[in-house]
Amino acid sequence: MRTLPTWFRESLKHEAPRLPLSAEVVAPCPAAAERLALTVRQWLYREATCDRTGTDVNTFKVSCMAENSHADILYRLPGACGKNQWCVEFHGYNEIGQGAWDVTCVDKPNIHTWVANTFSNPGKVTTCSAGWNNNGKRNLKATFEVDVMDAGGINRISPKEVYYQLGGKRIGVSRSGDSEVGSGSIIIPPGGSIQACVTAYSGQIINMLGALTSLVSL
């Protein structure tokens, strides 16, 4: 199991900020779309998704979308995380409170990946990540995110269940039928180890990415 590095535990005193989807990243929507938003109230102002179609794992796309019967994506701009970072997707909310997709950038050492193949191993539908360990002497407050992708590691796919466990016991948020599941805030005591676990449906081959998205020493 991977141990959280000392430099990470000591240096990160605040929760990691979400990637700013600011004017430098996303072009403003045209006036017609602004009027549409005020009138219809059924659009997603900003949406960001990880781009996993190539060999890079740190690129993403940011869109300005209008959600109605005839609207299409208005903008789709490329972006990238920093060196040795991976793009991680999670659910968020846009500026008018509607559900949206968002992304954050996570240092590669704080990410675990694993694969479940229910064809080659039909008796093992639940698999767990390596552990994120607290080898210090103080409690840590952390949040995690799991992204579940198809056999090609590109498209989102929903497994039967995603959950988290501390010392073999469930903790935090668990959810069925969702491809991105955040843990909520979890307290990791000294000596504790957090794992992300995914239960696949029979016949699924899935790729999982588990990320430590924030860490605070208490």
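The values are calculated or read from the model by the stated rules, or taken from the named source; none is laboratory data. In this text, all values refer to a predicted model and were calculated from it rather than measured experimentally. Cβ sites come from the backbone with ideal geometry, for glycine too, and all protein chains shown count toward neighbours.
Here is a yes/no grid of residues against (1) buried (at least 18 other Cβ atoms within 10 Å of the Cβ); (2) out of contact with any Cys (no Cβ under 6 Å at 6 or more places or on another chain); (3) among the basic types (Lys, Arg); (4) without any contact (Cβ under 8 Å) to a residue 24 or more places away in the chain:
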site: 145; (1), (2), (3), (4): yes, yes, no, no
site: 159; (1), (2), (3), (4): yes, yes, no, no
site: 163; (1), (2), (3), (4): yes, no, no, no
site: 168; (1), (2), (3), (4): no, yes, no, yes
site: 180; (1), (2), (3), (4): yes, yes, no, no
site: 184; (1), (2), (3), (4): no, yes, no, no
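Number of residues in region 134-143 that are within 19 Å of residue 111 (Cα to Cα), surrounded by 15 or more Cβ atoms within 10 Å (Cβ to Cβ) and more than 17 Å from the chain's Cα centre (by Cα): the value is 2. Sub-9 Å Cβ pairs linking a first residue in region 105-132 that is among the charged types (D, E, K, R) to a second residue that is in a loop (DSSP other than H, G, I, E, B) and at pLDDT below 90, at least 6 apart or interchain, are 107/82; 107/84; 108/57; 108/58; 108/84; 124/118, ordered by first then second residue.
Looking for whichever is assigned to a loop (DSSP other than H, G, I, E, B) and either modelled with pLDDT of 90 or more or buried (at least 16 other Cβ atoms within 10 Å of the Cβ) (or both) here; the options are 172, 191. Which one fits?
Values: 172 fails: assigned to a loop (DSSP other than H, G, I, E, B).
Just a single option satisfies the conditions, and that option is 191.
Looking across 131, 168, one residue alone is under 18 Å from the mean Cα position of the chain (by Cα) and outside the structural domain of residue 88 (by TED's automatic domain parsing). It is 131.
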